[in-house]
1. Computed over the Cα atoms, what is the radius of gyration of the chain divided by 2.2 N^0.38 Å, N being its residue count?
2. Round to the nearest 10 and give me the degree value, 0 to 90, for the angle of helix 48-68's Cα axis relative to the longest principal axis of the chain.
3. Quote the charge dipole size of the chain about the Cα centre in Debye, to the nearest 20; the model charges only the Cβ of Lys and Arg (+1) and of Asp and Glu (-1).
4. Could you give the length gained by full extension between GLU12 and ALA86, i.e. 0.36 nm per residue of separation minus their alpha carbon distance, to one decimal place?
5. Sort 43-49, 76-82, 53-59, 29-35 by packing, meaning the average of other beta carbons within 10 Å per residue, with the highest value first.
6. What value, in deg cm²/dmol to 500, does the helix sum -39500 (n - 2.57) over DSSP H runs of n ≥ 4 give at 222 nm once divided by the residues of the chain?
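Nothing in this text is a laboratory measurement; each read-out follows from the coordinates by a stated rule. All of these numbers come straight from a predicted model, not from anything done at the bench. Every residue, glycine among them, receives a Cβ derived from its backbone with ideal geometry; neighbour counts consider all protein chains shown.
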Amino acid sequence: MTPDLPVEFADEQLHVRMGIEITQWDVQEMIGTMPVKGNRQPFGLLHGGANAVLAEQLGSLGSAMHAHQFGSIAVGLELSCTHHRAAREGTVTGVARPIHLG
């Protein structure tokens, strides 16, 4: 089930171009997957920027769902990424959980 959030330019969303699929929609935990294929840097590894896009997508959707309950909107302001492991193939999974809902 997807939340009823207002979306503009649906055909231009970056997550669509990168193959990101949201597998769990919940304010307490957003989970999504992204293929490595099509999101690699020149040396065959998953691009670090692709990891950042996955993280931003999950965090932004979770915060937007929370804010929508109160008639507000939320957008990301800052992103800091640490890459823990390289991927050359398959699918990566991201999980976003709020530290504080305020």
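1. Values: Rg = 14.0 Å, N = 102, 2.2 N^0.38 = 12.8 Å.
Cα Rg divided by the expected 2.2 N^0.38 Å: 1.10.
2. 10 degrees
3. Values: 6 positive and 10 negative charges, 103 e Å.
Using Cβ point charges on Lys, Arg, Asp and Glu, the chain gives about 500 debye.
4. On the way: separation 74, 0.36 × 74 = 26.64 nm, distance 2.79 nm.
Extra length available between GLU12 and ALA86 comes to 23.8 nm.
5. Working: 43-49: 14.3, 76-82: 8.1, 53-59: 20.1, 29-35: 18.4.
Those peptides, ordered most packed to least, come out 53-59, 29-35, 43-49, 76-82.
6. Numbers: 2 runs with 26 residues, N = 102.
Rounded to the nearest 500, it is -8000 deg cm²/dmol.
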